[in-house]
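Contents: one structure, followed by commentary.
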Ligand code: AMP
Ligand code: MG
């Protein structure tokens with residue numbers, strides 16, 4: 001398989017200009033929609049195979065950090081990308097506004113607890129990055145508090161990498177128009193209404209502030225060992241395919257192996 005990760009990777013410490021990245025881009029993908037779906041199906045199978053090896057090997061782990069604005073597609077990505085996987089080896093954690101107890105600790109305290117154990121894939125639906133995003137935009141703490149967090153995050157993630165965790169961080173990049181369409185959908189479709197929160201409209205007004213905060217955060221914390229990827233995400237099928245590409249390429253590079261079976265198994269007869 002071609003390793004397409006460089007299409008979306010944010011170079012270490014290089015601030016991406018999100019305005020210059022087209023959320024409708026479909027670079028690298030098969031042009032026909034049906035081919036794109038076939039390709040994703042194949043990748044789902046490959047992911048399942050790689051995950052079973054990772055789980056059996058039980059030495060290393062993978063962390064997927066998913067960040068996006070509201071209606072950016074975090075939930076849908078998780079549902080589609082991990083559809084073929086043995087649930088025993090995967091954990092998903094959604095980070096909400098911190099509880100009182102969480103606020104009484106450092107910002108990484110609640111996150112560290114949910115990092116993957118050996119053999120596991122962990123998915124963060126939002127993450128410690130909220131502490132340099134919403135926290136910055138809404139001025140929940142002063143800049144003297146949030147800015148040094150980039151450094152803390154780099155150190156924290158390096159600690160995970162040193163402990164055998166590979167990290168993949170994905171920003172799902174949608175346009176303001178696409179977000180508006182998805183909000184309208186949520187309002188109109190009865191089984192999506194529960195997802196709509198009037199608070200999301202307040203957040204939408206701060207669109208430019210968020211783009212700014214994301215650009216800074218991605219640039220400050222994309223490292224060789226813990227890279228960010230900006231995935232154009234207006235088209236859901238392209239988005240799923242791209243995230244699958246990134247995960248499969250990362251796991252293929254890790255190359256997890258089934259453990260050696262015990263010696264002498266060939267001579268065993270089960271009676
Ligand atoms: P949702 O992902 O739609 O369930 O919303 C979760 C909400 O929690 C979002 O509005 C986030 O901005 C918010 N949130 C997550 N982490 C933090 C944090 N560290 N500080 C403040 N708000 C947060
Ligand atoms: Mg929401």
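Sorted by mean Cβ packing within 10 Å, highest first, what order do the peptides 262-268, 79-85 take? Walk me through the numbers on the way to the answer.
On the way: 262-268: 6.9, 79-85: 17.6.
Ranking, from highest mean packing down: 79-85, 262-268.
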Could you work out which residue, out of 115, 144, 159, moves most in a Gaussian network model of the chain, that is, has the largest mean-square fluctuation with Cα springs under 10 Å?
144
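How large is the Kirkwood hydrodynamic radius of region 123-207, counting all unique pairs of alpha carbons, in Å? Intermediate values should be presented prior to the final figure.
Values: mean 1/r = 0.0643 Å⁻¹.
Averaging 1/r across every pair of different Cα atoms and inverting gives 15.6 Å.
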222 nm mean residue ellipticity, helices alone, for the chain (DSSP H n ≥ 4; -39,500 (n - 2.57); rounded to 500)
-13000 deg cm²/dmol
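Residue 88 to residue 225: FRET efficiency via 1/(1 + (r/R0)^6), r the Cβ-Cβ distance, R0 25 Å, to the nearest 0.05? Could the numbers behind the result be given before it?
On the way: r = 27 Å, r/R0 = 1.09.
It comes out at approximately 0.35.
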For region 182-243, what is the largest minus smallest coordinate of the Cα atoms on each principal axis, given in angstrom and ordered from greatest to least?
44, 29, 15
Relative contact order %, the chain, counting alpha carbon pairs below 8 Å whose residues are six or more apart:
37
Taking 0.36 nm per residue of separation between residue 117 and residue 103 and subtracting their Cα-Cα distance, the length gained on full extension comes to 2.6 nm
Rg (one decimal) and Dmax (whole number) from the Cα set of the chain, in Å, equal 19.6, 71
Three-way shape call for region 110-256 based on the alpha-carbon gyration tensor, with the a/c threshold at 1.5:
oblate
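Classify region 1-99 from the C-alpha gyration tensor, please: rounded if a/c falls under 1.5, else prolate or oblate depending on whether a/b exceeds b/c. Each step should come with its number before you reach the end.
On the way: a/c = 1.56, a/b = 1.15, b/c = 1.36.
Oblate is the answer for region 1-99, as a/c is 1.5 or above yet b/c matches or exceeds a/b.
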Net lengthening on full extension, residue 177/residue 266 (0.36 nm per residue, minus Cα-Cα)
25.8 nm
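Please compute the length gained on full extension between residue 211 and residue 31, using 0.36 nm multiplied by the number of residues separating them and subtracting their Cα-Cα distance.
Extending this stretch completely gives an extra 61.9 nm.
Read-outs throughout are calculated quantities, based only on the coordinates presented, and are distinct from any laboratory measurement. Because the structure is a prediction, the values reported are computed rather than measured. When we count neighbours, we look across all protein chains shown, and the Cβ atoms used for this are built from the backbone with ideal geometry, even at glycine.
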